[in-house]
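Everything below concerns the one structure shown next.
The values are calculated or read from the model by the stated rules, or taken from the named source; none is laboratory data. If you're wondering where the values come from, they're calculated on a predicted model, not measured in any experiment. Positions of Cβ are backbone-derived with ideal geometry, glycine not excepted, and every protein chain shown enters the neighbour counts.
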Amino acid sequence: MKNLHIIEHPLIKSKITQIRRKETATKMFKELVSEISSLMCYEITRDLEVEEIEIETPVQKTIGYHIKGDDLVLVPILRAGLGMIEGIQNLIPNAKTGHIGVYRDHDTLQPVEYLCKLPLLMENRNVIVLDPMLATGGSAVKAIDILKEHNVKSIRLACLVGCPEGVEFLHKHHPDVAIYLAAMDEKLNENGYIVPGLGDAGDRLFGTQ
Ligand code: URA
């Protein structure tokens, strides 16, 4: 499927297996989310443009590269997306962080924005939206709607685990947004959990289950 990248790597496969285990406790879960996000970052940023800069080594001047344009922005969807920041920021220390909070209205079942705090001048920035689970896709679609209202043009979505329902919903609403997954699971169950999945990522990250 166009614009869907399932990142295949032995390290990612084995860490996703560890994270799925129900006996994996909070500290390890958090570390794994961070490590998998770091490993994914390599692929998510593969097509960022670079530009040449002149530098001086201890030996002589030479041409090097830096990432073109304004600093990249990470936008975790609260709250589980927070767990993915550190692993990516370790590799891209200049990245800024915006936050988007979305809840599901009990009556309409529609996602509603409750927080949006973004860096200034978002228009020309590359943005990576972070959410460990791409389940129904409702929160991700809403977060991307919000970013587009701020005129952001270059958006990527990074999730650890997705399912066909979420991918389809996202593509339907935002076909221009590339989705990066560490694993594509079978389906959503009747309670909205990804199967086999890893349970509630927010609860497992923050020890609230
Ligand atoms: N959110 C989660 O944290 N887990 C799921 O399986 C689905 C949505």
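Scanning region 124-137 for residues that are part of a strand (DSSP E or B) and surrounded by fewer than 24 Cβ atoms within 10 Å (Cβ to Cβ) returns a single hit, N126. Scanning region 134-145 for residues that are out of contact with any helix residue (DSSP H, G or I) (no Cβ under 8 Å at 6 or more places or on another chain) and hydrophobic (A, V, I, L, M, F, W, C) turns up at least one hit.
Checking the structure you have, find out if any residue of region 138-159 is outside any strand (DSSP E or B), within 16 Å of the ligand (Cβ to nearest atom), of a type in the set (A, V, I, L, M) and in contact with a Lys or Arg (Cβ under 9 Å, 6 or more places away or on another chain). There is at least one residue in region 138-159 that is outside any strand (DSSP E or B), within 16 Å of the ligand (Cβ to nearest atom), of a type in the set (A, V, I, L, M) and in contact with a Lys or Arg (Cβ under 9 Å, 6 or more places away or on another chain). Applying the selection to region 88-115, what residues are assigned to a loop (DSSP other than H, G, I, E, B) and over 15 Å from V141 (Cβ atoms)? Listed by number, the residues that qualify are N90, L91, I92, P93, N94, A95, G98, H106, D107.
What are the residues in region 164-209 that are part of a strand (DSSP E or B), more than 10 Å from the ligand (Cβ to nearest atom) and exposed (fewer than 15 other Cβ atoms within 10 Å of the Cβ), if any? Of everything in region 164-209, just one residue is part of a strand (DSSP E or B), more than 10 Å from the ligand (Cβ to nearest atom) and exposed (fewer than 15 other Cβ atoms within 10 Å of the Cβ), namely K187.
Within region 111-145, track down each residue that is modelled with pLDDT of 95 or more and acidic (D, E). Correct list: E113, D131, D145.
There is no residue in region 113-129 that is touching a residue at least 12 places away in the same chain (Cβ under 8 Å) and near the ligand (Cβ under 10 Å from one of its atoms). Each residue in region 78-111 was checked for being among the hydroxyl-bearing types (S, T, Y) and over 28 Å from T45 (Cα atoms), and 2 of them qualify. Would you confirm whether or not region 62-74 contains a residue that is surrounded by 19 or more Cβ atoms within 10 Å (Cβ to Cβ), aliphatic (A, V, I, L, M) and within 19 Å of I7 (Cβ to Cβ)? Yes, there is a match, as at least one residue in region 62-74 is surrounded by 19 or more Cβ atoms within 10 Å (Cβ to Cβ), aliphatic (A, V, I, L, M) and within 19 Å of I7 (Cβ to Cβ).
The residue pairs whose first member lies in region 145-164 and is closer than 27 Å to E186 by Cβ, whose second member is away from the ligand (no atom under 16 Å from the Cβ) and among the β-branched types (V, I, T), and whose beta carbons are closer than 6 Å, counting only pairs six or more residues apart or on different chains, are I155/V127; I155/I144; I155/V177; R156/I44; R156/I128; L157/V177; A158/I44; A158/I128. When I85, I77 are screened for being assigned to a strand (DSSP E or B) and closer than 21 Å to A201 by Cβ, only I77 passes. If you go through region 10-51 and keep only what is loosely packed, with under 15 Cβ neighbours inside 10 Å and not in a helix (DSSP H, G or I), you end up with R21, K22, E23, A25, R46, D47, L48, E49, V50, E51. Within region 164-199, the set of residues being under 21 Å from S37 (Cβ atoms) and at pLDDT below 95 is empty. Residue pairs whose Cβ atoms lie under 8 Å apart, sitting 6 or more positions apart in sequence or on different chains, and linking a residue in region 173-191 that is under 9 Å from N3 (Cβ atoms) to a partner that is of a type in the set (S, T, N, Q), are P175/N3; D176/N3; V177/N3; A178/N3; I179/N3.
Looking at the structure I just gave you, is S154 among the hydroxyl-bearing types (S, T, Y), out of contact with any Pro (no Cβ under 9 Å at 6 or more places or on another chain) and closer than 26 Å to R46 by Cβ? For S154, the condition - among the hydroxyl-bearing types (S, T, Y), out of contact with any Pro (no Cβ under 9 Å at 6 or more places or on another chain) and closer than 26 Å to R46 by Cβ - is met.
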